[in-house]
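*Asks:* Sharing a structure below in structure tokens format, with a few things to ask.
The values are calculated or read from the model by the stated rules, or taken from the named source; none is laboratory data. Remember, predicted model here, so these are calculated numbers, not experimental data. Every residue, glycine as well, gets a Cβ built from its backbone with ideal geometry; the counts of neighbours run over all protein chains shown.
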Amino acid sequence: MKRHRIAAIPGDGIGKEVVPAGLRVLEALAAREGFALEVGHFDWGSDYYKRTGRMMPEDGLAQLKPYDAIYFGAVGMPDVPDHVTLWGLRLAICQPFDQYANVRPTRILPGLASPLAGVSPADLDWVIVRENSEGEYAGQGGRSHRGLPEEVATETSIFTRTGVARIMYFAFALARSRPRKKLTVVTKSNAQRHGMVLWDEIAAETAREFPDVSWDKELVDAMTVRMVRRPQSIDTVVATNLHADILSDLAAALAGSIGIAPTANLNPERRFPSMFEPIHGSAFDIMGKGIANPVGTFWSAVMMLDHLGEHAAARRLMGAVERVTADARYRTADLGGSADTKTVTDAVVAAIREANA
């Protein structure tokens, strides 16, 4: 029996509710599909920080490295500064493990509707590829003359040939694997005349290696308009760390809710474990109420299973999720319903166990 080691880090907020729900679903899948999961549970996050002064232990990366994948919830609490929580846990894993390809699929699931009038599931089926290791979130910069009128804060965007080339190659290869073989490169090189011009140049260089992929270039501000006005013109998208972060949140809302949106933080060379998480964040307003939408966490598990080579299990889980979203009884508040986390999870587990599923 094939065995997979999964590191579960619920983190903060509703992460503590949706990750256990995801593990329940994964256990049902493992029993059905004939593989085993060995789950390591890690209580890192803001509560850990309040006890220890760190978001994760000093040897946290060494503890995670032997695992096949990381299943992550959310990070952030109202009483801990956001830059402490994000850089102390999520980015403290993503960057050292070189999870440079952040992949965010977006589509309208069965039974759900886009807020865009007249937009059908056939019109909105995207994958956004986010450069996840440098760019605007490189972490370079500093502050000086604190508290004085002349105080200065700098945040330096870093674009390296290696970093840009590898994410462009990944995005073109992903676009090639999809039926439309179409890629949009998002840029802002009209105003950012150094790093983003390099981004554009490497995109053009990479395109020559993929003559079967059609591609175009769009300024990031124009891309927001295109996503709303012409969603059917988009298929695969590649953008910088900041730009893709913002665009993928818009994409999730256009597909029905940020609660359904998944993420894979990939180290494509598999030198380190990759990390899978919903994109909704801690959701302070509903945490602890048991009403969080677990669909984004389940869809992230689909991506994790595919990464682990459990393709049949991934298809079964996605099919179960789609059968549940198609049923109005199982919609959470963000989708206009009243179902709670447990009800949706129970329904997905039942769908997995159906003999003809």
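*Asks:* Sort out which residues of region 205-233 are over 22 Å from TYR137 (Cα atoms) and in contact with a Lys or Arg (Cβ under 9 Å, 6 or more places away or on another chain), and write them in order of number.
*Replies:* Hits for region 205-233 are PHE210, ASP212, VAL213, SER214, TRP215, ASP216, SER233.
*Asks:* Can you name the residue in region 124-139 that is part of a strand (DSSP E or B) and of a type in the set (A, V, I, L, M, F, W, C) and, of all such residues, is surrounded by the most Cβ atoms within 10 Å (Cβ to Cβ)?
*Replies:* ILE128
*Asks:* Still on this structure, I have one more. Output the residue which, of all residues in region 165-183 that are in a loop (DSSP other than H, G, I, E, B) and among the charged types (D, E, K, R), is surrounded by the fewest Cβ atoms within 10 Å (Cβ to Cβ).
*Replies:* Per the criteria, the residue is ARG180.
*Asks:* From the list GLY336, GLY281, GLY290, which residue is within 13 Å of the chain's Cα centre (by Cα) and not aromatic (Phe, Trp, Tyr)?
*Replies:* GLY281
*Asks:* Give just the number: which of (1) under 19 Å from LEU23 (Cβ atoms); (2) touching a Gly at 6+ places or on another chain (Cβ under 9 Å) does ARG329 not satisfy?
*Replies:* Status for ARG329: all satisfied but (1).
*Asks:* I'm trying to understand the selection: among the residues of region 184-203, which are in contact with a helix residue (DSSP H, G or I) (Cβ under 6 Å, 6 or more places away or on another chain) and part of a strand (DSSP E or B)?
*Replies:* If the condition is that a residue be in contact with a helix residue (DSSP H, G or I) (Cβ under 6 Å, 6 or more places away or on another chain) and part of a strand (DSSP E or B), then VAL185, VAL186, THR187 are the ones that fit.
*Asks:* Among the residues of region 307-326, which ones are among the small types (Gly, Ala, Ser) and in a loop (DSSP other than H, G, I, E, B)?
*Replies:* Within region 307-326, GLY309, ALA326 qualify.
*Asks:* For region 217-243, what are the residues that are in a strand (DSSP E or B), in contact with an Asp or Glu (Cβ under 9 Å, 6 or more places away or on another chain) and among the hydrophobic types (A, V, I, L, M, F, W, C)?
*Replies:* Matches in region 217-243: VAL237, VAL238, ALA239.
*Asks:* Within region 298-326, track down each residue that is basic (Lys, Arg) and either surrounded by fewer than 21 Cβ atoms within 10 Å (Cβ to Cβ) or not assigned by TED's automatic domain parsing to the domain that holds PRO273 (or both).
*Replies:* Of everything in region 298-326, those that are basic (Lys, Arg) and either surrounded by fewer than 21 Cβ atoms within 10 Å (Cβ to Cβ) or not assigned by TED's automatic domain parsing to the domain that holds PRO273 (or both) turn out to be ARG315, ARG323.
*Asks:* While we're on this one: Search region 327-341 for residues being in a loop (DSSP other than H, G, I, E, B) and of a type in the set (Asp, Glu), and hand back the single one that is surrounded by the fewest Cβ atoms within 10 Å (Cβ to Cβ).
*Replies:* ASP327
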